[in-house]
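Everything on this sheet refers to the single structure shown next.
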Amino acid sequence: MLAAQPIMYLGSAYMHEDPEVRDQRAFIVTLAAGGLISQGVAAFSPIAHSHPVAKTSKLEGGFETWRNFDLTMIRWMDMFGVLIMDGIEDSRGLAEELRFANRLEKPVWGCAITSVYGVDANQQIRASVVRFPIPAEVSSSISLIRAHVESKVPHIQTDPGEVSRTYAELTARYTPLPYADGR
């Protein structure tokens, strides 16, 4: 029988008018979820799940499309994580998810990618991720969560240029399955 393991809902930024930025954000949060899972943290990222579903099924819309699904998943999760990355302060969806998690009194964690590295012989891209519990007095504000995590981590890989270069370099050697639209 499997032992029950707490599950983290990993909230992040996603929406942007540029589809390439959305692709990059989905890539970043997918790497972070993989990094957490490789550390033994059961992490669920709605973006890692929904981004390929939306692209394959041609679903339009942002958080409004996924709101009920996301809030239902938060209800089932044991804790709420905020991935520190570009765009989180502007994300209406993440702000609503955080408010909902706080109403449910879910513990809040700040998570950050500290490095993205290699494609190994099995064509795997990996990320090192750190996580910190967020004190209750800070947990209601994305900006305060970001400041709390950044005060503890000397280098967080959130620079879009740096991540874009890493993304381009690593994906040049990694060939994912094509989406329905041929991309």
Exercise for the section: Pick out, from 43, 33, 69, the residue whose Cα sits farthest towards the positive end of the charge dipole of segment 32-111, with +1 on the Cβ of Lys and Arg and -1 on the Cβ of Asp and Glu. Expected result: 69
Exercise for the section: Just tell me which lysines come within less than 26 Å, Cα to Cα, of residue 106; anything on the same chain fewer than 8 places away is out. Expected result: 152
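Bear in mind that the values in this text are calculations on the coordinates, not laboratory data. On a predicted model such as this, the values are computed, not experimentally measured, just so you know. We place every Cβ from the backbone using ideal geometry, glycine too, and count neighbours over all the protein chains shown.
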